[in-house]
Amino acid sequence: MELVDPTDQHQSCYYMPHHVVVKNTSSTTKVRVVFNASANTTSSPLLNDLMMVGPTIQQDLFSIVLRFRAHRYALTADVEKMYRQIQVHEDDRDLQRIVWRSHPSQWLETYRLATVTYGTAAAPFLATQCLLQVALDGQPTQLTAAEVIKNDFYVDDLLTGTDTVSEAIQLYDDVTTLLKSGGFPVRKWRSNSLDILEVIPAALQETWAPCNVPLNEGAVKTLGLHWYPSSDLFQFSVVDSRHKNVTWTKRMVLANVASIYDPLGLLGPVIVQCKLFIQTLWQQQLD
């Protein structure tokens with residue numbers, strides 16, 4: 001971000017509130033800043049109301065995860081701070097202003113964010129379009145890597161794979177090189193093959209989940225799913241609240257059922273029982 005000159009009376013500007021979110025399960029960025037471009041203002045429309053959202057240009061989550069399961073050798077990774085790797089045009093930066101001070105004793109100062117910002121309506125499209133452009137630019141020389149970038153990314157998460165170890169190592173090399181050419185560093189690599197991981201520098205691997213561990217350890221969380229590379233299985237994490245000393249409400253039951261994340265529908269036979277139970281609560285007119 002850039003410090004704004006106090007004498008700069010720009011005609012079109014927007015101030016975004018921001019707050020912190022702490023995510024202890026993250027192996028890298030445990031503290032994140034979230035910006036709110038939908039905040040009400042007394043003097044102008046909301047920034048997100050004025051923005052074009054842009055179309056969805058990546059494949060749907062179901063297709064990506066299903067195809068990921070078809071590979072003998074699987075690879076996952078993500079782009080480091082993807083939104084922040086993309087510059088916003090200077091003419092638009094005053095629409096991303098914030099006020100900030102490092103300590104309560106200091107004066108408030110005005111800054112403008114110079115990169116794509118999480119919390120603005122167009123951010124997902126701008127980021128994925130930039131990834132797509134890197135793939136299009138690389139097609140003439142690195143066709144396989146370009147196709148993977150086009151088809152196997154969901155926002156900043158990569159889920160892909162190959163049929164042989166040598167192909168996987170080559171794919172890691174080509175994808176890393178091609179994305180680096182567009183200013184996108186790739187990190188948190190994981191695989192179900194130790195032979196592949198031996199080639200990848202330790203600093204670029206998902207450090208908190210070693211590969212050669214028992215089934216119920218070393219999970220990698222990707223796209224909301226818990227994947228265990230050593231056994232190459234998905235596992236679903238459900239909070240068991242049955243024994244808590246609380247008065248249960250329909251709202252609590254709904255929240256527990258809704259928290260079961262299953263994009264592939266693998267838990268359909270289980271979740272349908274939960275939904276039948278919810279239906280019965282309404283039929284019995286219970287609170």
Checklist entry - Among Asn151, Gln59, Ile169, which residue has its Cα positioned farthest towards the positive end of the charge dipole of region 31-190, with +1 placed on the Cβ of Lys and Arg, -1 on the Cβ of Asp and Glu, and the dipole taken about the Cα centre? => result Ile169
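Just reorder Asp92, Asp163, Asp152 by solvent-accessible area, largest first, 1.4 Å probe, all chains present. Before the final figure, lay out each step's value.
On the way: Asp92 75, Asp163 100, Asp152 15 Å².
Ranked from most to least accessible, the order is Asp163, Asp92, Asp152.
Quick one: of Lys30/Lys275; Lys23/Lys81; Lys23/Lys275; Lys221/Lys250, which pairs are farther than 24 Å apart, Cα to Cα? Working shown, then result.
Values: Lys30/Lys275 34 Å; Lys23/Lys81 15 Å; Lys23/Lys275 30 Å; Lys221/Lys250 30 Å.
Over 24 Å apart, Cα to Cα: Lys30/Lys275; Lys23/Lys275; Lys221/Lys250.
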Checklist entry - Between region 157-187 and region 1-49, what is the C-alpha centre distance in whole Å? => result 33 Å
Checklist entry - Of Ala258, Thr160, Leu95, which is farthest on the positive side of the dipole of the chain, counting Cα position, with +1 on Lys and Arg Cβ, -1 on Asp and Glu Cβ, and the Cα centre as origin? => result Ala258
Checklist entry - Please state the equivalent ellipsoid semi-axes for the chain: what are the square roots of 5 times the Cα gyration tensor eigenvalues, largest first, in whole Å? => result 35, 31, 18
Item to check | Sequence of Ser230, Ser237 when ordered by accessible area, the most exposed leading, probe 1.4 angstrom | outcome: Ser237, Ser230
Checklist entry - Which ³J(HN,Hα) values, rounded to whole Hz and listed in residue order, are derived for region 53-59 from phi using the Karplus coefficients 6.51, -1.76 and 1.60 in 6.51 cos²θ - 1.76 cosθ + 1.60 with θ = phi - 60°, glycine and proline given as x? => result 6, x, x, 7, 10, 9, 5
Checklist entry - Taking H as built 1.01 Å from N, whose amide H comes closer than 5 Å to the amide H of Thr222, not counting residues under 5 places away? => result Trp227
Item to check | Charge dipole (debye, nearest 20) of region 139-190; +1 at Cβ of Lys and Arg, -1 at Cβ of Asp and Glu | outcome: 240 debye
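Please give the per residue volume of the convex hull enclosing the alpha carbon atoms of region 1-129, rounded to a whole number of Å³.
Details: hull volume 19.5 nm³, N = 129.
Spelled out: Cα convex hull of region 1-129, divided by residues, is 151 Å³.
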Checklist entry - Once you charge only the Cβ atoms, +1 for Lys and Arg and -1 for Asp and Glu, what is the size of the charge dipole of the chain about its Cα centre, to the nearest 20 debye? => result 1100 debye
Checklist entry - Are there any helices in the chain, counted as whole DSSP H runs, that stretch 18 Å or more along their axis by Cα and score at least 1.0 on average by Kyte-Doolittle, and if so which? => result 123-138
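The values are calculated or read from the model by the stated rules, or taken from the named source; none is laboratory data. Predicted, not measured: the structure shown is a model, and the values here were computed from it. For neighbour counting, all protein chains shown are included, and Cβ atoms are generated from backbone atoms with ideal geometry for every residue, glycine included. The area values use the complete protein model at the heavy-atom level, side chains included, leaving out ligands, DNA and RNA. Shrake-Rupley method; radii C 1.70, N 1.55, O 1.52, S 1.80 Å.
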